[in-house]
Amino acid sequence: MENDLNLELSKEEFSYGFIIEVLTRGLYPDKFHVIREYIQNSFDAICKWRRDPHFDDQGSISIKVTNNSILIFDNGTGMDKQKINQYRYVGYSEKRVGESTGFRGIGKLSGISVAEKLIVTSSAYGVKEKNRLIFDTQGMILEILDLKSRGENIALNELIRNYTDIQTSPEEEEKHYTLVELNNIRPDSRILLDEDALINFIGMNCPVDFDPGFEFGEEITNKIKEMVDDYETVIIKVGERQVYKPYITPCKRPEYYTIWKEESEEEEDSELLCFSWYCKNKEKGQFEDKERSGLLFRSKNFTIGDRFLTREKLWAATPERAFYFYGEVYVNDKEVTPTSERNNFVQNTARDNLYKKGKEIGKTLSKIAGVDSEQSRAVQKLKEFEETIKNTSEEYEEGKISKELEVQKIISLYNLLDDSKKRINKLPTELDKQKSRRLMQKAQNLIDTFKKIKEKNVESKFYDITAELGFDDSCKKLYDFIIASLQDTLVDKEEICEEVIKKIHSLLREQWK
Amino acid sequence: MEVDKIGFFTKNKQKVREMNLLLIKDFYNESGSKLKYFGLPSEEMQDIYFWKDYLSSIGAVERGTRGQEFIKQHDLVLTSFLLGISDKLELYRGDMDDILIYGKDYFGNKIDYPYQLVNMDYTGGLFYKEDKDKSKRIDSIKSLLRNQAKFRQDFILLITCNFDNDFDAEYKNFIEKFILKSEDQKKESLSRLTIEILIKRLS
């Protein structure tokens with residue numbers, strides 16, 4: 001059989017053991033990506049089972065974390081002996097690009113990088129046996145390192161043959177499942193044993209349903225199903241807890257954006273390139289939760305890259321405006337394929353087209369965010385304006401504004417008035433605009449009042465005797481204070497004030513000399 | 001319970017499970033809540049399969065075969081997935097006697113006392129002695145009783161073991177001592193201690 005590669009029959013060796021080290025140590029710098037690889041395989045097996053004539057339930061993935069191992073179970077199609085045998089082959093995969101989430105035949109062995117043993121037990125429907133593959137990864141890595149230190153290498157087939165074992169035992173005919181155990185997780189990968197971190201990762205990256213608490217979850221799901229080919233989700237449980245896609249609040253009702261591969265007047269004539277949904281912050285401005293706000297690319301309902309990737313690829317300018325939104329971009333073009341590590345898409349014409357046309361999304365959202373930003377700023381300024389007018393009025397009524405500050409107050413009120421005139425049209429509601437007009441009138445009234453006082457002060461300017469009498473600084477300060485107090489007290493009795501000051505001057509001349 | 005589906009039970013074992021089930025049901029009806037299980041269910045989890053409707057959680061100890069320990073442990077978890085009870089399972093990897101004596105498994109996973117149902121389905125006997133006067137198994141059972149007694153709650157203890165004619169006298173001696181021990185425990189408000197001994201002749 002062509003697919004049934006037999007290690008024993010290999011006469012030529014084209015790969016060497018070091019490839020294992022490269023694949024396992026270099027490919028997955030983020031340890032959680034290893035878990036995602038197995039979830040992807042399980043998801044593909046479940047999707048396949050859903051299309052099987054014997055299909056009886058939707059299937060689910062259960063993950064169990066013990067204090068040293070992780071076990072991932074699915075009731076998908078399962079694997080027969082031949083497939084389990086093929087499981088050992090690096091890069092061997094029957095999955096077709098665009099049809100399944102995984103397709104390179106590398107991810108299945110990713111557990112080698114985090115665990116001392118990889119144990120896979122599987123049973124295919126209709127076969128009265130289960131098969132178990134045991135991969136002694138610790139022994140294999142140690143041998144590779146030992147050979148490396150001696151400048152030697154080993155044929156990949158021989159290495160795999162030496163460190164794998166397949167066992168077969170009876171199983172009930174109707175059973176169909178796969179259990180992968182990452183046994184004895186290595187110390188540098190212990191983060192994987194943190195259930196909360198695992199749930200967070202799965203929720204953000206894997207094809208699970210929205211959290212039932214998200215009020216727009218159902219609406220968005222229905223819209224995605226309508227638009228995106230092969231959109232599917234799966235129940236994933238970690239221990240007792242079902243994992244959901246997290247959401248942020250408070251969100252406005254979602255809006256949608258569609259980009260077609262080719263421009264066409266008729267939608268039916270064009271293929272969907274990508275579909276995006278997004279929610280704006282209900283409270284104006286950016287979401288506080290920077291980790292979850294922004295957009296994420298999804299391919300086959302798995303997350304590709306992080307929120308930085310969309311900011312980088314979809315926004316030509318002002319990428320920070322992505323934080324005004326919470327949403328996703330579903331890539332529907334089968335020629336746009338994720339990289340092995342799922343941190344980006346493979347560079348090709350299709351990807352270039354996605355990034356080029358996808359900029360429409362960034363542009364549109366930036367515009368929305370821009371308007372939102374200006375509105376938000378205008379509302380904020382209105383609040384500040386109201387506060388300033390309130391405080392200034394109170395200070396004036398309580399006589400707390402010194403003459404020295406009067407000019408400053410006038411200038412500040414003028415500035416606020418100007419600013420408000422410029423922003424009034426950016427205010428989101430008519431109510432806000434009316435409020436702004438009222439405040440502007442109040443500001444104008446205050447300015448007029450201060451001006452009048454100032455004019456009176458100027459009119460009642462009196463002779464400064466301090467120079468004539470040669471006062472030192474401390475005496476001058478005391479004199480200024482007395483005169484200012486008199487002017488304040490007798491502000492409406494200007495003539496009396498001037499008479500009193502003249503009398504003071506006369507007495508000072510007599511006494512001082 | 002769907003007894004027909006459990007064809008893998010031997011008739012005798014099945015009879016014992018049924019008897020035990022009555023005991024478990026009584027306990028469940030009295031306490032009004034499901035029982036926390038601790039024991040040696042083996043990778044086939046036959047007892048769990050029979051009693052699972054009455055169990056709230058399962059602490060399962062599996063040592064595995066020397067040099068290939070991980071296989072039976074893996075199979076035990078596989079069974080729990082197939083039975084749909086994996087979320088209730090807490091796997092303890094290692095030897096039951098060591099785990100009871102040290103209070104944790106080989107990977108530091110601590111025993112979460114108290115349990116309402118302890119099922120010691122030993123494959124070996126009770127009386128194996130490492131030293132002249134010392135039996136690890138007896139020490140481990142003592143440790144179990146001591147830790148359970150701290151919580152002053154009722155629980156069911158089921159012990160199943162192999163027995164050889166040569167050990168008749170010792171067996172009787174043990175039972176007498178054990179019954180006395182259990183009386184002591186009763187004084188410490190351990191109001192019910194049920195011991196089921198399945199004597200299986202080694203062929």
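The values are calculated or read from the model by the stated rules, or taken from the named source; none is laboratory data. Bear in mind the structure is a predicted one, so any value in this text is a computation, not a measurement. Here the Cβ positions follow ideal geometry from the backbone for every residue, glycine too, while neighbour counts run over all protein chains shown.
Annotations for the structure displayed:
- The residues of region A:303-329 that are assigned to a strand (DSSP E or B) and within 18 Å of A:Phe345 (Cβ to Cβ), listed by number, are A:Thr303, A:Ile304, A:Glu328, A:Val329.
- Of the residues making up region A:280-302, those that are in a loop (DSSP other than H, G, I, E, B) and touching a Leu at 6+ places or on another chain (Cβ under 7 Å) number 0.
- Filtered by the rule that a residue be among the β-branched types (Val, Ile, Thr) and farther than 27 Å from A:Thr449 by Cα, region A:473-513 gives a lone residue, A:Ile504.
- The lone criterion from (1) modelled with pLDDT of 85 or more; (2) out of contact with any Leu (no Cβ under 9 Å at 6 or more places or on another chain); (3) not basic (Lys, Arg) left unmet by B:Ile24 is number (2).
- Candidate set from region B:51-82 (those that are touching a Gly at 6+ places or on another chain (Cβ under 8 Å) and of a type in the set (Lys, Arg)); member that is farthest from the other protein chains (Cβ to nearest Cβ): B:Arg63
- Selection within region A:330-349: residues that are part of a loop (DSSP other than H, G, I, E, B) and of a type outside the set (S, T, N, Q). The member of this set that is surrounded by the fewest Cβ atoms within 10 Å (Cβ to Cβ) is A:Val346.
- Positions within region A:472-513 being of a type in the set (Phe, Trp, Tyr) and within 25 Å of A:Glu406 (Cβ to Cβ), in sequence order: A:Tyr479, A:Phe481
- Unmet requirement for A:Val371, which otherwise passes all of (1) out of contact with any strand residue (DSSP E or B) (no Cβ under 6 Å at 6 or more places or on another chain); (2) surrounded by 15 or more Cβ atoms within 10 Å (Cβ to Cβ); (3) within 28 Å of A:Gly294 (Cβ to Cβ); (4) among the β-branched types (Val, Ile, Thr): (2)
- From A:Glu173, A:Glu152, residue being more than 41 Å from the chain's Cα centre (by Cα) and farther than 30 Å from A:Asp52 by Cβ: A:Glu152
- Scan region A:395-435 for residues that are surrounded by 11 or more Cβ atoms within 10 Å (Cβ to Cβ), without any contact (Cβ under 8 Å) to a residue 40 or more places away in the chain, under 30 Å from A:Phe481 (Cα atoms) and of a type in the set (Asp, Glu) and the total you get is 1.
- Per-region count, region B:83-118, residues surrounded by fewer than 17 Cβ atoms within 10 Å (Cβ to Cβ), within 11 Å of another protein chain (Cβ to nearest Cβ) and either closer than 13 Å to B:Pro41 by Cα or not charged (D, E, K, R) (or both): 4
- Residues located in region A:106-142, provided they are small (Gly, Ala, Ser), in contact with a Lys or Arg (Cβ under 8 Å, 6 or more places away or on another chain) and without any contact (Cβ under 8 Å) to a residue 60 or more places away in the chain: A:Ser122, A:Ser123, A:Ala124
- Leading residue by the ranking (modelled with the lowest pLDDT) among those in region A:90-117 that are buried (at least 23 other Cβ atoms within 10 Å of the Cβ) and within 14 Å of another protein chain (Cβ to nearest Cβ): A:Gly111
- Taking region A:150-264 and the helices (runs of 4 or more DSSP H) fully enclosed by it, the elements with 1 or more residues that are within 13 Å of chain B (Cβ to nearest Cβ) are at A:195-205.
One line per residue, one yes/no per condition, for (1) crowded, with 16+ Cβ neighbours inside 10 Å; (2) touching a residue at least 24 places away in the same chain (Cβ under 8 Å); (3) at positive phi:
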position	(1), (2), (3)
A:Ile144	yes, yes, no
A:Gly151	no, no, yes
A:Ile154	yes, yes, no
A:Arg161	no, yes, no
A:Thr168	no, yes, no
A:Glu171	yes, yes, no
A:Leu179	yes, yes, no
A:Asn183	yes, yes, no
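- In this structure, A:Arg190 does not satisfy being surrounded by 14 or more Cβ atoms within 10 Å (Cβ to Cβ), among the basic types (Lys, Arg) and over 30 Å from A:Arg253 (Cβ atoms).
- Listed by position, the helices (runs of 4 or more DSSP H) inside region B:15-114 whose residues that are touching a strand residue (DSSP E or B) at 6+ places or on another chain (Cβ under 8 Å) and more than 19 Å from A:Lys130 (Cβ to Cβ) number at least 3 are B:46-51.
- Tally, over region A:341-361, of residues that are touching a Lys or Arg at 6+ places or on another chain (Cβ under 6 Å) and closer than 26 Å to A:Tyr38 by Cα: 1
- No other residue among A:Phe308, A:Phe275, A:Phe297, A:Phe302 is over 24 Å from A:Phe43 (Cβ atoms) and either among the aromatic types (Phe, Trp, Tyr) or modelled with pLDDT of 95 or more (or both) apart from A:Phe308.
- Scan of region A:213-244 for residues that are farther than 24 Å from A:Ile259 by Cβ and either among the basic types (Lys, Arg) or under 20 Å from the mean Cα position of the chain (by Cα) (or both), ordered by number: A:Gly213, A:Phe214, A:Glu215, A:Lys237, A:Arg241, A:Val243, A:Tyr244
- B:Ser42 vs. criteria within 12 Å of chain A (Cβ to nearest Cβ) and hydroxyl-bearing (Ser, Thr, Tyr): no
- Qualifying residue in region A:143-161 (condition: at pLDDT 95 or above and within 12 Å of A:Arg88 (Cβ to Cβ)): no
- Filter pass, B:Glu170 being in contact with a Phe, Trp or Tyr (Cβ under 9 Å, 6 or more places away or on another chain), at pLDDT below 85 and of a type in the set (Asp, Glu): yes
- Residues that are within 14 Å of chain B (Cβ to nearest Cβ) and assigned to a loop (DSSP other than H, G, I, E, B), drawn from region A:44-72: A:Asp57, A:Gly59, A:Thr66, A:Asn67, A:Asn68, A:Ser69
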